[in-house]
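The values are calculated or read from the model by the stated rules, or taken from the named source; none is laboratory data. Computed from a predicted model, the values in this text were never measured in an experiment. Reconstructed Cβ throughout: ideal geometry from the backbone, glycine too, with neighbour counts over all protein chains shown. Accessible surface is based on the protein model in full, side chains and every heavy atom, while ligands, DNA and RNA are left aside. Shrake-Rupley method; radii C 1.70, N 1.55, O 1.52, S 1.80 Å.
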Amino acid sequence: MGCFGFLKCMMFIFNGLIFVAGAALLGVGIWVKVDSSSIIGLLNSMEGAPEELGQLLNVGYLLIAIGVVLVVIGFLGCCGAVKESRCMLMLFFIIILVIFLAEVAGAVVMLVFKPVAKELIGKLGDAAKKSIAKGYGSNTDVTQLWNSTMDALECCGFYNYTDFTNSTYFTDNKVYPRQCCQQGLPECTEAEASNNATSITGCFPKIVQLIEDNSVAIIGVALGIAALELLAMIVAMILYRKIGSKNG
């Protein structure tokens with residue numbers, strides 16, 4: 001098949017996968033926008049939520065945009081390799097380069113503005129506690145969303161069980177949600193919730209712990225993606241030059 005044919009084949013397979021991934025993200029983005037019971041409903045229900053969280057309400061649009069970009073990249077890469085189009089390969093190279101530079105810039109911004117991120121998380125915590133106090137036990141959607149989150153992560157509240165102390169649920173029942181205590185107890189009293197506080201943490205600390213426990217894997221995936229992007233640019237340029245010399 002030769003080196004040139006091998007590179008064309010690999011370019012087609014690699015970008016075919018990108019195209020499929022982009023189509024999947026596009027579908028998920030459309031689903032998020034039309035699904036009224038998604039996590040966006042929880043954010044909308046939070047009284048006093050920080051204005052910065054408004055960006056999260058556009059997550060559907062973000063997924064759609066990313067999906068479209070990936071579909072375009074996959075299309076350009078596949079067609080550029082198969083049709084031996086230098087124009088498509090150059091567009092593919094430019095788009096990948098812009099994405100790579102944006103990722104580097106994003107990483108730098110996250111490191112530089114880490115204190116701002118902590119402040120935003122603090123505002124998110126305040127909004128989450130208000131949401132629990134006002135909606136848990138009185139609003140069906142809020143209650144179901146928090147129950148689903150706590151069941152999935154095996155956590156209790158945003159920070160800990162005390163987030164429910166002023167909620168309608170605790171006021172009416174004088175007990176905490178079942179997720180705040182070990183399974184098998186007839187009811188989760190304040191004493192039981194306090195005893196289990198060290199083993200059953202809040203959802204936010206649980207997420208932080210999951211990220212820390214998998215930090216090596218996350219960094220590895222990020223570096224792997226960067227390496228694939230660099231490799232894709234190198235292959236695109238090799239094909240670009242090969243096609244140019246072949247046609248010339």
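Please give the length that would be gained between Met90 and Ile218 if that part of the chain were fully extended, namely 0.36 nm times their separation in residues minus their C-alpha to C-alpha distance (nm, one decimal).
Numbers: separation 128, 0.36 × 128 = 46.08 nm, distance 3.04 nm.
Between Met90 and Ile218, full extension yields 43.0 nm more.
On average, how much accessible surface per residue is there in segment 76-174, in Å², for a 1.4 Å probe, leaving out ligands, DNA and RNA? Present the calculation step by step, with values, prior to reporting the outcome.
On the way: 5610 Å² over 99 residues.
Normalised by residue count, the accessible surface of segment 76-174 is 57 Å².
If Lys and Arg each add +1 and Asp and Glu each add -1, what is the summed charge of the other residues whose beta carbon sits under 12 Å from the beta carbon of Lys242? Walk me through the numbers before you get to the answer.
Working: positive: Lys8, Arg86, Arg241, Lys246; negative: Glu84.
Charge balance in the 12 Å sphere: +3.
Could you order Glu190, Glu229 so the one with the most accessible surface comes first? Probe is 1.4 Å. The partial results should precede the final answer.
Values: Glu190 100, Glu229 25 Å².
Correct descending sequence by accessible area is Glu190, Glu229.
What figure in square angstrom, to the nearest 10, would you give for the accessible area of Met88 with a 1.4 Å probe?
The accessible area of Met88 comes to roughly 40 Å².
What number comes out for the charge environment of Cys155, summing +1 per Lys or Arg and -1 per Asp or Glu over other residues with Cβ under 12 Å away? Let's see the in-between values first.
Values: positive: Lys206; negative: Asp151, Glu154, Asp163.
Value of the local net charge: -2.
In whole percent, how big is the carbon plus sulfur part of the accessible area of segment 168-248, probe 1.4 Å, protein atoms only?
Details: 3190 of 5250 Å².
Carbon and sulfur atoms account for 61 percent of the accessible area of segment 168-248.
Hey, any idea what Rg/Rh is for segment 126-248, computing Rh the Kirkwood way over Cα pairs?
On the way: Rg = 24.3 Å, Rh = 17.5 Å.
Here the Rg-to-Rh quotient is 1.39.
So how do Ser245, Ser131 rank on accessible area, 1.4 Å probe, biggest first, that is with the largest at the start?
On the way: Ser245 85, Ser131 5 Å².
The most accessible residue leads, giving Ser245, Ser131.
Simple spin-label model, 7 Å along Cα-to-Cβ: Ile211 to Asn139 in nm?
The two pseudo-label positions are separated by 2.4 nm.
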